[in-house]
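Peer 1: Provided herewith is a single structure, encoded as structure tokens, for subsequent inquiry.
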Number of protein chains: 2
Amino acid sequence: MTEGRRERADAVRNRRAILLATEELLAHHRPEKISMEQVAAAAGVGKGTVFHRFGNRMGLMRALMEERAYALREAVTDGPPPLGPDACPRERLLAFLDAAVDVIARNKGLLAALGHAVTTSQQPPDERPGTHPVHAFWHAHISTLIAAQRPDLDAELLAHLLLGGLQSDAVLRLLERGESARLAASLRTLVTAALDAPPAADPEAGAGA
Amino acid sequence: MTEGRRERADAVRNRRAILLATEELLAHHRPEKISMEQVAAAAGVGKGTVFHRFGNRMGLMRALMEERAYALREAVTDGPPPLGPDACPRERLLAFLDAAVDVIARNKGLLAALGHAVTTSQQPPDERPGTHPVHAFWHAHISTLIAAQRPDLDAELLAHLLLGGLQSDAVLRLLERGESARLAASLRTLVTAALDAPPAADPEAGAGA
DNA sequence: ACGCTAAGTGGACTGCCGGTCAGGTTGCCG
DNA sequence: CGGCAACCTGACCGGCAGTCCACTTAGCGT
């Protein structure tokens, strides 16, 4: 962000060092036993610096996740089909889910740490800590694509269900065993089935409020 | 459990007091900021007692969850249709998912605390901390029922996806706003669609290993 | 080149928590 | 009633999130 006030060079350097150190730690240790002090030490900076730059554990993990998911976001908003806006919704959805599985598979440790961090640090009650930007964007995208094809379904809720399933502990563990292809295939099956299902025969069906 | 070794009366009393106090705390405070010390104090026992009876935070939450899910388990293994073993798999599955949504909706705080606890306390590496009995049973049941009707699907993975979705933060938050009927309806739609989908036209499809 | 200033930094400090343990207490059986 | 083992307790330990303020230093104006 090129604002009027430029960021000092050492600040930039330290931010990168901290992010880098966090990645390194995440790659070699269980995410829940990584302390902010360890991160600071590994990055070669003081603990205060880490907190100064990222606020708390969740801020740190969130920053890292945003960086990791940046490429996918770009591909979705500006890229070529099948991910980009020029493909038909159905193809976009399936392609996006594949890509999301990929991102998740390559960042399982981070995801676990983030899920943990979301509930670890308590915010003032008027803040919504659970909605980190990546999740929000993914949900909005999935939800929109589902709604585009099946306005009769509760797209928002289905998107939550799908996304939630992807981030669950059990699935993360599956991914750790290298089953990402299996996951992607089943996800495809599930979503395809939902999109192709007959339009809700029972009377009380329909999209939510 | 009528074993040969009987439990001392005060031990039983304390166990109940602790569980009760935990429920009380869970009802009035954010689950992640309930400490074991608070539980002990609220139950009127020493901190050591809590750890003695339940091992750690996860043990406590797990015990509580098992108690809460006991009725559903009974209904599934011994009860009448549509939950019990005398109903057809499809009906059982849909009924079970409805019931599970209900249990989850009535225990969202506990679920959140449990999910949090799973990652909070680290076990020795040879223990599998993530698989608490309730989740294992639910997964096995869903998985079996899906497999019974659609042997061509990857029932185990689909069960993980479904169950994971139900426990996700976003869905828990939805439930907090009283949207459990909406959730149950969409879940039904999704599962019905999966069960009724045409049997995987593409060549590489099929159940996983 | 140089000094000024505010952004940036570090690490000691506070408060709290999970988990342990040695010693005192108490239900229960014979 | 006496003895034993199960049980309870709360002080204690190691460690961590997050705060705070004195100190450093990059970048700019002159």
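The values are calculated or read from the model by the stated rules, or taken from the named source; none is laboratory data. Note that the coordinates shown come from a computational prediction; the quantities given were computed from them, not determined experimentally. Note that we place each Cβ from the backbone using ideal geometry, even for glycine, and neighbour counts take in every protein chain shown.
Peer 1: Is it the case that some residue within region B:42-61 is part of a loop (DSSP other than H, G, I, E, B) and away from DNA strand D (no atom under 16 Å from the Cβ)?
Peer 2: no
Peer 1: Report whether or not A:LEU64 is within 16 Å of DNA strand D (Cβ to nearest atom), more than 14 Å from chain B (Cβ to nearest Cβ) and touching a Pro at 6+ places or on another chain (Cβ under 9 Å).
Peer 2: In short, no.
Peer 1: Run A:MET1 past the list (1) hydrophobic (A, V, I, L, M, F, W, C); (2) more than 13 Å from DNA strand D (Cβ to nearest atom); (3) farther than 18 Å from A:LEU166 by Cβ; (4) modelled with pLDDT of 95 or more and report the number of the one that doesn't hold.
Peer 2: Of (1) hydrophobic (A, V, I, L, M, F, W, C); (2) more than 13 Å from DNA strand D (Cβ to nearest atom); (3) farther than 18 Å from A:LEU166 by Cβ; (4) modelled with pLDDT of 95 or more, only one is false for A:MET1: (4).
Peer 1: Do we find that B:ARG173 is more than 7 Å from chain A (Cβ to nearest Cβ), part of a helix (DSSP H, G or I) and surrounded by fewer than 24 Cβ atoms within 10 Å (Cβ to Cβ) in this structure?
Peer 2: So B:ARG173 does not fit the description; no.
Peer 1: Cβ contacts < 7 Å: first residue closer than 17 Å to A:HIS139 by Cα and polar (S, T, N, Q), restricted to region B:174-192; second residue at pLDDT 95 or above and surrounded by 21 or more Cβ atoms within 10 Å (Cβ to Cβ), any location; separation 6+ or different chain. Result?
Peer 2: B:SER186/A:ASP154; B:SER186/A:LEU157; B:SER186/A:LEU158; B:SER186/A:LEU161
Peer 1: Sticking with this one: Of (1) more than 13 Å from DNA strand D (Cβ to nearest atom); (2) assigned to a helix (DSSP H, G or I), A:LEU83 satisfies all except one. Which?
Peer 2: Among (1) more than 13 Å from DNA strand D (Cβ to nearest atom); (2) assigned to a helix (DSSP H, G or I), the lone unmet condition for A:LEU83 is (2).
Peer 1: Moving on. Which number in (1) in a helix (DSSP H, G or I); (2) away from every other protein chain (no Cβ under 14 Å); (3) under 28 Å from A:PHE137 (Cβ atoms); (4) within 10 Å of DNA strand D (Cβ to nearest atom) marks the one condition that A:GLU37 misses?
Peer 2: It is condition (3) that A:GLU37 fails.
Peer 1: A follow-up question, please. When B:PRO81 is evaluated against the numbered criteria (1) closer than 22 Å to B:ILE142 by Cα; (2) crowded, with 16+ Cβ neighbours inside 10 Å, which criterion, by number, is the only one it fails?
Peer 2: With (1) closer than 22 Å to B:ILE142 by Cα; (2) crowded, with 16+ Cβ neighbours inside 10 Å applied to B:PRO81, the lone miss is (2).
Peer 1: While we're looking at this one, here's another question. Could you tell me which residue of region A:9-29 is nearest to DNA strand D (Cβ to nearest atom), considering only residues that are of a type in the set (D, E, K, R) and either in contact with a helix residue (DSSP H, G or I) (Cβ under 8 Å, 6 or more places away or on another chain) or closer than 13 Å to A:PHE51 by Cα (or both)?
Peer 2: For region A:9-29, the residue satisfying everything is A:ARG15.
Peer 1: Given the residues B:GLY208, B:GLY115, which is the only one that is at pLDDT below 95 and not assigned by TED's automatic domain parsing to the domain that holds B:LEU83?
Peer 2: After applying the criteria, what remains is B:GLY208.
Peer 1: Against the definition (assigned to a helix (DSSP H, G or I) and surrounded by fewer than 17 Cβ atoms within 10 Å (Cβ to Cβ)), how does A:GLU7 come out, yes or no?
Peer 2: no
Peer 1: Looking at region B:145-155, can you tell me whether even one residue there is within 9 Å of chain A (Cβ to nearest Cβ) and either modelled with pLDDT of 95 or more or within 16 Å of the chain's Cα centre (by Cα) (or both)?
Peer 2: Yes, region B:145-155 contains a residue that is within 9 Å of chain A (Cβ to nearest Cβ) and either modelled with pLDDT of 95 or more or within 16 Å of the chain's Cα centre (by Cα) (or both).
Peer 1: Sticking with this structure for a sec: Tell me, yes or no, whether region B:79-87 has at least one residue that is within 14 Å of chain A (Cβ to nearest Cβ) and more than 16 Å from DNA strand C (Cβ to nearest atom).
Peer 2: Scanning region B:79-87 turns up no residue that is within 14 Å of chain A (Cβ to nearest Cβ) and more than 16 Å from DNA strand C (Cβ to nearest atom).
Peer 1: May I ask you to verify whether B:ALA71 is away from DNA strand D (no atom under 14 Å from the Cβ), touching a helix residue (DSSP H, G or I) at 6+ places or on another chain (Cβ under 6 Å) and closer than 19 Å to B:PRO133 by Cα?
Peer 2: no
Peer 1: Could you please let me know if A:THR131 is among the polar types (S, T, N, Q), modelled with pLDDT under 95 and within 17 Å of the chain's Cα centre (by Cα)?
Peer 2: Yes, satisfied.
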